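Just below is one structure, and these are the notes that go with it.
What follows draws every value from the coordinates through simple rules; no lab data is involved. All values derive from a computational prediction rather than experimental measurement. Every residue, glycine among them, receives a Cβ derived from its backbone with ideal geometry; neighbour counts consider all protein chains shown.
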Amino acid sequence: MRLKKIMTDFFLLMALTTNLSFIFNPNPYELVITVVTNLTATILKLGEGKILATEMTAASLVADLHLIPAAFIYFLGNVSESVSLATGALAANIISVLLSIIEAIFSYLSEE
Amino acid sequence: MPALSRSKKLKTIRKKLRLRRRGEKTLLALYQGRLIESLKELRIPLLLLHLSLSVGTLGYMILSGGNFIDAIYMTVITIGTIGFGEIAKGTDTPEGRIFTTFLALMGIGVFTTSVTIVVRVFLLGDVITLLKYIKVLSDIEKLKNHAIICGYNKTSAWLVEALRKRRIEFVVIDSREEALKYMQLHNIKYFLTEEPYKKTALNAAGISRARYLIANMEDEAKNIAVIVTARLLEPSREKLFIYSTAPTDGTAQKLEELGANKVIVPDKLIANRVFSYMLHETGGFVSDLFDRIAYGEEAELEIVEIRVSERSSLAGKKLKDIDLRRVYGVTVIGIKRSEGSLELTVSGDTQIEEGDTLLLLGKPSDVKKATEFYREVLV
């Protein structure tokens, strides 16, 4: 279970950091890596029935639905629109990471 | 010492954070949880498919100098076995061809396997069944004044037919495989494949909003369990009417003491019916008349019972005072007194008392108007 938590958190954080760096300095590879890591985090969260986990899945899906169009729009030439979509995805990613921290605190308290 | 104080602190935080546990999970929540969990099966195939698409897209992007749209298109046509050719820039070079070869070797297998698993999970797996079940449970939540039939057998099938005629909604609960086939054959709209004596099953069938419960299990012990559980969930005999069957008078009495409103002994019922035909040799018209009225088969006539409660303004009045015949066109054909006697020779001077049950006879529409008025306004 711990390994799964490491994997999920890694992809969540990775998505957040690359998303943030893309907003500051738009770069095609960074955008694709953001999409890839975000989708991986969503897939890893699929099937989790607990309340916080479902909230995280929902937040991840929101980020995906911002980032996938952002990728296409970026390569069609509208960089500013793509950056604004990525900013929307960033909000969802921040919520995902916050929820992940809350989940970690709760599991720590119940284990100790 | 520091370790001890840390553990104390943690205990305090845990106490503060501890929320009161909710009661038993509802069946709907349980199935929704199962549906979400069934999506776990998709994780590995989706991850593999995602990995192939990501590796392919990033690889072709590097080869084509950062063209995302060409790269994803090239990846999809390669692993999807479409193979339109080397469309993206840089794919017709030796490096590009080596990359495409390895991507095709890895991706085609992953693509076909993943698609097969995804289709299997959605079409052949539990997902569709769970979705159907969730739909049924959500629909049941909207039912009111319905009947709950626990156990599906030939008697239940006849009962279902009668309920359909009267447009009374019903939910059938039975966990047996053969019952499930039988229910599907009879096109039962709302059914739960659960043990009927479980609280979760009865709650899911909407016992708090139901008007009737029929405990019709093959096993007597199960009937007892159903009646007891139902009465625990809905103690009022006036709000939920429980009916059951029993093999002997003794068992019937026990079931009534446990909470059933009325228990029928089938063998005794058949014997009495045969005897009533023997008494009315001409053709059994009289024997069948009340049944036909009660079952709604006599379209022009209906007979209903109205109980006079303690708070009712009907108590203490004479039949001529309420004048049902003139106002609603229905006749009081008898009064069942609270001590159990049946008075059939009623007149305008007959007095209504607390706890009496009035037997009203008339056209279905008139009877409905009269009962609605007395139930809502006076009784």
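Estimated at 0.36 nm per residue, the fully extended path between A:V79 and A:S21 surpasses their Cα-Cα distance by 19.4 nm. Legend: residue pairs A:K45/B:K135; B:K132/B:K189; B:K222/B:K268; B:K25/B:K199; B:K262/B:K336; B:K198/B:K222, Cα-Cα distance threshold 19 Å; pairs beyond threshold, A:K45/B:K135; B:K222/B:K268. Between the Cα long axis of helix A:51-75 and the first principal axis of chain A there is an angle of about 10°, rounded to the nearest 10.
Span-like helix check, chain B: qualifying full DSSP H segments, with Cα axial length of 30 Å or more and mean Kyte-Doolittle of 1.0 or more, are B:43-64, B:94-119. Of B:M61, B:M278, B:M106, the sequence from fewest to most neighbouring Cβ atoms within 10 angstrom is B:M278, B:M106, B:M61.
State the extension gain, in nm to one decimal, for the chain segment bounded by B:E37 and B:T155, taking 0.36 nm per residue of separation less the distance between their alpha-carbons.
The span from B:E37 to B:T155 would gain 38.7 nm if fully extended.
For B:I149, the amide hydrogen comes within under 5 Å of the amide hydrogens of B:V171, B:V172, B:I173, B:I214, counting only partners 5 or more places away or on other chains and with H modelled in the peptide plane.
Sorted from fewest to most neighbouring beta carbons within 10 Å, what does the list B:I117, B:I168, B:I140, A:I51 look like?
Ascending Cβ contact count within 10 Å gives the list A:I51, B:I168, B:I117, B:I140.
From the residues B:L319, B:I335, B:G355, which one has its Cα farthest along the dipole of region B:299-378 in the positive direction, the dipole being from +1 and -1 charges on Cβ of Lys/Arg and Asp/Glu about the Cα centre? In region B:299-378, that residue is B:L319. Per-residue Cβ neighbour counts within 10 Å put B:H146, B:H50 in the sequence B:H50, B:H146, beginning with the fewest. For trypsin sites (Lys or Arg not before Pro), the sites in region B:109-169 that DSSP calls loop and that have at most 13 other Cβ atoms within 10 Å are B:K142, B:K144, B:R166, B:R167. Bridgeable lysines around B:K8 (alpha carbons under 20 Å apart, same-chain partners fewer than 8 residues away excluded): B:K16.
Bridging of B:K318 to aspartates and glutamates at a Cα separation below 13 Å is possible for B:D349, B:E353, B:E354, B:D356, once same-chain residues fewer than 8 apart are set aside.
Within the same chain, aspartates and glutamates fewer than 8 places from B:K154 are excluded, and of the rest, those with a Cα less than 14 Å from its Cα are B:D174, B:E178, B:E218.
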